[in-house]
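Structure first, then comments.
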Number of protein chains: 2
Amino acid sequence: MPNQYKKILLLSIGFQLCVSTLWAQDVKNQKVKQYIAKNDKAMLEEYIKFLSVPNVSSDSGHIPKDAAFIVQMMEQRGIKASLLHGTTPNVNPAVYGEITVPHAKRTIGFYAHYDGQPVNARQWHAGLEPFSPVLITAPLENGGTIIGPYKAGDTVNAQWRITARGSADDKAGVMAILNAAEAIKQTSQKLSSNIKFLFEGEEEVGSTHLNEIFETNKENLKTDCWVIIDGPRNVSGRKTIQFGVRGDVNMSLTVYGAKRPLHSGNYGNWAPNPALVLVQLLASMKDENGHVLIKGFYDDVVPLTASEKEALAKIPSTEETLKKDLGIHKPEGNSSKSMAELLMLPTLNISGLQSANVGELKANIIPSKAEAALDLRMVLGNDVERQQQKVIDHITSKGFHVIDHDPTDEERNQYDKIIKVEKEHGYNAQRTSMDLPIAKSITAAIAATTTEPVVLSPSAGGSLPLYLFETILGAKVISVPIANYDNNQHAENENIKIRFLWEGIETIAAIMQMK
Amino acid sequence: MPNQYKKILLLSIGFQLCVSTLWAQDVKNQKVKQYIAKNDKAMLEEYIKFLSVPNVSSDSGHIPKDAAFIVQMMEQRGIKASLLHGTTPNVNPAVYGEITVPHAKRTIGFYAHYDGQPVNARQWHAGLEPFSPVLITAPLENGGTIIGPYKAGDTVNAQWRITARGSADDKAGVMAILNAAEAIKQTSQKLSSNIKFLFEGEEEVGSTHLNEIFETNKENLKTDCWVIIDGPRNVSGRKTIQFGVRGDVNMSLTVYGAKRPLHSGNYGNWAPNPALVLVQLLASMKDENGHVLIKGFYDDVVPLTASEKEALAKIPSTEETLKKDLGIHKPEGNSSKSMAELLMLPTLNISGLQSANVGELKANIIPSKAEAALDLRMVLGNDVERQQQKVIDHITSKGFHVIDHDPTDEERNQYDKIIKVEKEHGYNAQRTSMDLPIAKSITAAIAATTTEPVVLSPSAGGSLPLYLFETILGAKVISVPIANYDNNQHAENENIKIRFLWEGIETIAAIMQMK
């Protein structure tokens, strides 16, 4: 056959394969959609019960109840569940389960975490409480109103949102994964892979013992690929796949003044003010364009590959929407870089500041100490220890004596500027190649559930300890976030838009059935 | 008589007058001392009851009870007491009384205030509460221990301290003034002047209505001189007279980021961080040597007179003691100026900082706002409005849009950097000449109660609205502080050393009987 005919034939076969695949996916997805429409009330009711169990990582009274709730959800769906532990006692357990499929050619794992960030209930909007979920019409900061608690049997409006700590980050992942498997079963469809489930309970405190859990349960947790269901979809609202995550680590800084707060009149101009010393230090770390001034801060960054650059260029710009929604006139940096590009760089963020009191409790004193919480996101090439050391070296270069405890009298008598630096546990970034066959299969499966282009991101802005999946379990890792972007993750008034829960179920069901 | 004889005669008369005056003072003071030794238990018991009445200026439930307690104390001492009001309703009243002395050649007023700074009970040491006075052996930060509540009849150790809000600042003033008058009466001694008493209830919120109270009660409040009993004696422990005060005014700054706190991973490097913007602004206000960089900040300062400079040079240096006690290695500034000189300059002090949370409540977010409390002390020549405007002009010069409310959506869409500046009520500095006859009489009277030199300070570091005494009442004003310097005034664990109460009574009794 002449070459030109060969080409036409191949193209024709390719086209037919493509159409039939899309059509097959579409049918599968339609069945999942019908299942959701029929079961939305029951799913929402169960989810609200789940959200009512407090889940702050450090709340050892409630965390076992969250794990037990998940075990119950799994067993109601016919999935045998067990709690996984590492070697350290009294650690929040992970919940594990699996579904074995005869003749499956591969095993896909689905990960989510059930623990949540700390809550300061006083900071939540009047009428909202972290663990008493209520429905709202839209974010309250943007004109939304409170509807109230969901009552069993009420019609579900998919445009509404449920508020609670964990509603988006990341009980939504647990909920969508388990309901996707159930939807496939109840619509008499077939899983194309063996499925494993892993729900972690320590993600929000840095997944401190996930390595132990992996080491101890290595055989159980073997898969070809782990799919991470966590975080928000792109701001455009399009479905999103992330092929990597930034690393993350916290540091706490405390600067000391006099041993006790002093009358600002009797000592003002003489006693050193730790709040001033701290702000001078912090101001020296970053310029007005968001560029970190710490020596070597960007040095380790591994450059993006050609496909990563291409994918990045295709990510839709949502900056104008975001600016309007968030009330921002000028982004940090205001540089020539897009938001997508900025998320591919390491960060230095002041996540908290405190010295004495402001507002009604303020008094005319010179404070005795000033504290800052820093969080550092890291990208491929950065290393936790090395990144923290750069910050410490910068502090030292500014004339501080760095200690890891409250200063002794001897230290106070010896040094001009004393700072306590508390280095916390953290982890490095991870990235998977977009060019792998498993990456392409997942991309195709998700693309078939939506009429819009799927956003392919080389790395999420957020963090998960995904390097552990590679290094200990030898598996590939790909993230498929399902939450709405404006979910107030990690902050007060956290919420999930109900439509995103339903679409999350469709997405996950497509991966579970992919070619 | 040849000139040389005249000189000898005059010197001789002068010497005899001086000796007889000192001797007379000494006898008077001995009688007061004996009175204190005999009545210490009863005085302490009454004082503890007084301190048990909460006195935060804004606590309108308790403030009338404080005023009523003072009225009762005065009436028990045979002094008719009344409450003074201005024209604004529902304002904390001042308590007034007087003792008229036949043929007195002058009238001296004694002022103290009975209200206290706000309290954050959680910041107080375990075992101490703001309004449950207990005895301690020494400051708890410096190895002191808690003895417990004082029980009626217990022996009083004058080296111990009483802890409570207001114990030093400034119920001590009320207590010492009333007991000094009573000691003179009970020891059958004589007042040399008519005496007036004025106890204010709004000093810690800037004496907002003292002008009205003065205007409304101008005739009652007429004196030759008001003696202000407030604040601490010099750090050396020596008795102290202050011929002026610094002015004081507060400002609150709020910098805005996105409308809601954001996930620091999903937005880090793109969303502006208000904590960073605030620290950059604050850092630009002062250099590392404590010098304020705001344009014209020191321009208005009136230079010291020759006698003020001389007095200043004689103030004992207590910096080494203070450094050791406070755990400070290098004072702010570390300049060639002494602490006494630094207190003669205006200040810019960061009295509080807050953005999101630190410590256990911290979360990986980009905060939505950051707040700072500033307090500005002013010296002779500075003006409240002008000084605040210099700060605002500086903020504007750094590219901020300054508003006095939370930003609207329109403002957010229009400006890069938005700051809310809340200007509070404040007042200017005041200074009295040390060379006036009344200044010299008071100095001599106090000198006679102590074997050490009296510290004469041109101005206290702290603030009181003393300009009102001059401008409305046409009286001179001189301050005689009586508290120990390490009293934690305005902060947690406020305390008064009992010996300073007793010596305060002696000091005031000497002024009441002075030539």
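The values are calculated or read from the model by the stated rules, or taken from the named source; none is laboratory data. Computed from a prediction, not measured in an experiment: that's the story for all the values here. Please note: Cβ atoms are built from the backbone with ideal geometry, for glycine as well, and neighbour counts cover all protein chains shown.
Annotations
- Complete set of residues in the stretch B:208-224 that are surrounded by 24 or more Cβ atoms within 10 Å (Cβ to Cβ) and either within 18 Å of the chain's Cα centre (by Cα) or within 30 Å of B:E310 (Cα to Cα) (or both): B:L210, B:T223
- Some residue of the stretch A:263-286 being β-branched (V, I, T) and either assigned to a strand (DSSP E or B) or in contact with a Ser or Thr (Cβ under 6 Å, 6 or more places away or on another chain) (or both): no
- Restricting the stretch B:335-345 to residues that are surrounded by fewer than 23 Cβ atoms within 10 Å (Cβ to Cβ) and more than 8 Å from every other protein chain (Cβ to nearest Cβ) leaves a set whose member that is modelled with the highest pLDDT is B:E341.
- Residue match in the stretch B:437-452 (condition: within 14 Å of another protein chain (Cβ to nearest Cβ) and not in a loop (DSSP other than H, G, I, E, B)): no
- Members of the stretch A:393-433 found to be farther than 30 Å from A:W226 by Cβ, in a loop (DSSP other than H, G, I, E, B) and among the hydroxyl-bearing types (S, T, Y), listed by number: A:T408, A:Y415
- Total residues in the stretch B:316-347, condition more than 22 Å from A:R260 (Cβ to Cβ), within 22 Å of the chain's Cα centre (by Cα) and among the hydroxyl-bearing types (S, T, Y): 1
- Tabulated pairs, the stretch B:319-332, first within 7 Å of chain A (Cβ to nearest Cβ), second part of a helix (DSSP H, G or I) and charged (D, E, K, R), C-beta under 6 angstrom, 6+ apart or interchain: B:G327/A:R412
- From the options B:V227, B:V301, residue that is more than 11 Å from chain A (Cβ to nearest Cβ), at pLDDT 95 or above and in a strand (DSSP E or B): B:V227
- Across the stretch B:169-178, not a single residue is classified as surrounded by fewer than 22 Cβ atoms within 10 Å (Cβ to Cβ) and assigned by TED's automatic domain parsing to the domain that holds B:Q76.
- From the list A:E503, A:E470, A:E452, A:E492, the one residue that fits, being under 26 Å from A:G86 (Cβ atoms) and surrounded by fewer than 24 Cβ atoms within 10 Å (Cβ to Cβ), is A:E470.
- Reported count of residues in the stretch B:133-145, each being more than 14 Å from chain A (Cβ to nearest Cβ) and farther than 12 Å from B:N495 by Cα, is 1.
- Condition check for A:F199: part of a strand (DSSP E or B) and out of contact with any His (no Cβ under 6 Å at 6 or more places or on another chain): yes
- Candidates A:G359, A:G352 - the one that is under 27 Å from B:R122 (Cα atoms), surrounded by fewer than 16 Cβ atoms within 10 Å (Cβ to Cβ) and not aromatic (F, W, Y): A:G359
- Residue pairs meeting the criteria (Cβ under 7 Å; at least 6 apart or on separate chains; first in the same structural domain as B:V227 (by TED's automatic domain parsing) and at pLDDT 95 or above, in the stretch B:432-444; second of a type in the set (S, T, N, Q) and surrounded by fewer than 17 Cβ atoms within 10 Å (Cβ to Cβ)): B:A439/B:S433
- Of residues in the stretch B:304-318 being hydrophobic (A, V, I, L, M, F, W, C) and surrounded by fewer than 17 Cβ atoms within 10 Å (Cβ to Cβ), the one farthest from the other protein chains (Cβ to nearest Cβ): B:A306
- Test result for B:V421, touching a helix residue (DSSP H, G or I) at 6+ places or on another chain (Cβ under 8 Å) and away from chain A (no Cβ under 14 Å): no
- Of all the listed residues (A:G127, A:G143), the sole one being farther than 30 Å from A:T223 by Cβ, in contact with a Gly (Cβ under 9 Å, 6 or more places away or on another chain) and surrounded by fewer than 15 Cβ atoms within 10 Å (Cβ to Cβ) is A:G127.
- Counting residues in the stretch B:63-75 that are touching a strand residue (DSSP E or B) at 6+ places or on another chain (Cβ under 7 Å), under 29 Å from B:Y150 (Cα atoms) and among the charged types (D, E, K, R) gives one or more.
Table: residues versus (1) closer than 16 Å to B:A181 by Cα; (2) touching an Asp or Glu at 6+ places or on another chain (Cβ under 6 Å); (3) modelled with pLDDT of 95 or more; (4) exposed (fewer than 11 other Cβ atoms within 10 Å of the Cβ).
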| position | (1), (2), (3), (4) |
| --- | --- |
| B:C18 | no, no, no, no |
| B:N39 | yes, no, yes, no |
| B:L83 | no, no, yes, no |
| B:P89 | no, no, no, yes |
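- When the stretch B:276-303 is filtered for residues that are buried (at least 18 other Cβ atoms within 10 Å of the Cβ) and either on the phi > 0 side of the Ramachandran plot or acidic (D, E) (or both), only B:G290 remains.
- Matching residues, the stretch A:453-493, being of a type in the set (G, A, S) and within 14 Å of chain B (Cβ to nearest Cβ): A:S457, A:S459, A:A460, A:G461, A:G462, A:S463, A:S479, A:A483, A:A491
Condition check ((1) farther than 30 Å from B:R246 by Cα; (2) at the interface with chain A (Cβ under 7 Å from one of its Cβ atoms)) across all residues:
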site: B:L262; (1), (2): yes, no
site: B:W270; (1), (2): yes, yes
site: B:A275; (1), (2): yes, yes
site: B:L278; (1), (2): no, no
site: B:A283; (1), (2): no, yes
site: B:D287; (1), (2): no, no
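- One residue stands out in the stretch A:304-318 among those that are in a helix (DSSP H, G or I) and in contact (Cβ under 8 Å) with a residue 12 or more places away in the chain: the one that is nearest to B:G268 (Cα to Cα), namely A:L312.
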